[in-house]
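**Student:** What follows is a single structure, and I will ask about it in a moment.
The values are calculated or read from the model by the stated rules, or taken from the named source; none is laboratory data. In this text, all values refer to a predicted model and were calculated from it rather than measured experimentally. Here the Cβ is made from the backbone with ideal geometry for all residues, glycine too, and neighbour counts use every protein chain on show.
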Amino acid sequence: MTLRPQLALDWQAAQSISAGTSTEQLVPASPCPHWITWPVYHHNGIQTALPEIWVRETVYDRLIQAAKHLPPNYRLVLLDGWRPKSVQNCLFEGMRSKLALQHPDLPASELDHRVLLYAARPSDDPASPSPHITGGAVDVTLADADGRFLDMGSSFDEASERSWTATPVPDNQGERRKILLDAMLEAGFTNLPSEWWHFDYGNWVWAWYRKLPSALYGPVQLPSI
């Protein structure tokens, strides 16, 4: 199964897009029967990672559309949505340390470029927020009808060429990537080409891929309970 390669995100250009000012709230995803929630960073023991997955209200509705677009015997799995800046910082620094160990001779500028393929800089600045801090980014995968996670051709958060959505992978894995991609695109999301699992709606990454001058969503906080 061959997928058409997409343009890699130009972080500098994309962050020139005006941040959104929507007051739309975050909502919890786990009560919905249309998918499985598996808050991966909480399960991995990352400090301050949440036991619930939160997304913007419209993102929630569009995820339902995506789940309904899947063929029979496939289930959508939500791994992450909104995340605190502290978690984003942990992921960014962890990715930087990992890649620095793997490529000790890389110049700092090239190391920064590679890190940004798999982890955004931690920021809650309204002018340039990390995508997940807007509540408009989600990490998803597929499971079978019994809830068993399916092999998608690379591990989640794997920093390698295998994680690029269009990278050739064995037939079953490639077919699953296409199924996931088609469902999410049909629901209005855009995909980050370096991560088959990462999709955006309403934030500046989504706006950049849609060639829009401004985003819908800026940074947001959890609702007071």
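**Student:** Testing T141 on (1) part of a strand (DSSP E or B); (2) among the hydroxyl-bearing types (S, T, Y); (3) under 22 Å from A215 (Cβ atoms), one condition comes back false. Which one is that?
**Tutor:** Condition (3) is where T141 drops out.
**Student:** Then there's this: Being surrounded by 20 or more Cβ atoms within 10 Å (Cβ to Cβ) and in a loop (DSSP other than H, G, I, E, B) is the requirement here; does S224 meet it? Write out each step before concluding.
**Tutor:** Working: surrounded by 20 or more Cβ atoms within 10 Å (Cβ to Cβ): no; in a loop (DSSP other than H, G, I, E, B): yes.
Here the answer is no, as S224 does not meet what is asked.
**Student:** Could you list all residues from segment 149-186 that are more than 18 Å from L117 (Cα to Cα), surrounded by fewer than 20 Cβ atoms within 10 Å (Cβ to Cβ) and of a type in the set (A, V, I, L, M)?
**Tutor:** Matches in segment 149-186: L150, I179, L181, L185.
**Student:** Next question. Considering only segment 152-175, I want to know if a residue exists there that is aromatic (F, W, Y) and in a loop (DSSP other than H, G, I, E, B). Quick ask: steps written out before the conclusion?
**Tutor:** So in segment 152-175, the residues aromatic (F, W, Y) come out as 156, 164.
Among the residues that remain, those that are also in a loop (DSSP other than H, G, I, E, B) are: 156, 164.
There is at least one residue in segment 152-175 that is aromatic (F, W, Y) and in a loop (DSSP other than H, G, I, E, B).
**Student:** Something else about it: Being without any contact (Cβ under 8 Å) to a residue 40 or more places away in the chain and among the aromatic types (F, W, Y) is the filter here, so list the residues in segment 89-143 that pass it.
**Tutor:** If the condition is that a residue be without any contact (Cβ under 8 Å) to a residue 40 or more places away in the chain and among the aromatic types (F, W, Y), then F92 is the only one that fits.
**Student:** Follow-up question, since we're still on this one. Look at segment 131-165 and say how many of its residues are closer than 30 Å to S18 by Cβ, touching a Lys or Arg at 6+ places or on another chain (Cβ under 8 Å) and at pLDDT below 95.
**Tutor:** Selection size over segment 131-165: 0.
**Student:** Of all residues in segment 187-201, which are touching a helix residue (DSSP H, G or I) at 6+ places or on another chain (Cβ under 7 Å), farther than 16 Å from W11 by Cα and crowded, with 24+ Cβ neighbours inside 10 Å?
**Tutor:** Hits for segment 187-201 are F189, W196, Y201.
**Student:** To continue, here is another question. Quick one: is L181 modelled with pLDDT of 95 or more, more than 22 Å from R56 (Cβ to Cβ) and in contact with a strand residue (DSSP E or B) (Cβ under 7 Å, 6 or more places away or on another chain)?
**Tutor:** Working: modelled with pLDDT of 95 or more: yes; more than 22 Å from R56 (Cβ to Cβ): no; in contact with a strand residue (DSSP E or B) (Cβ under 7 Å, 6 or more places away or on another chain): yes.
No.
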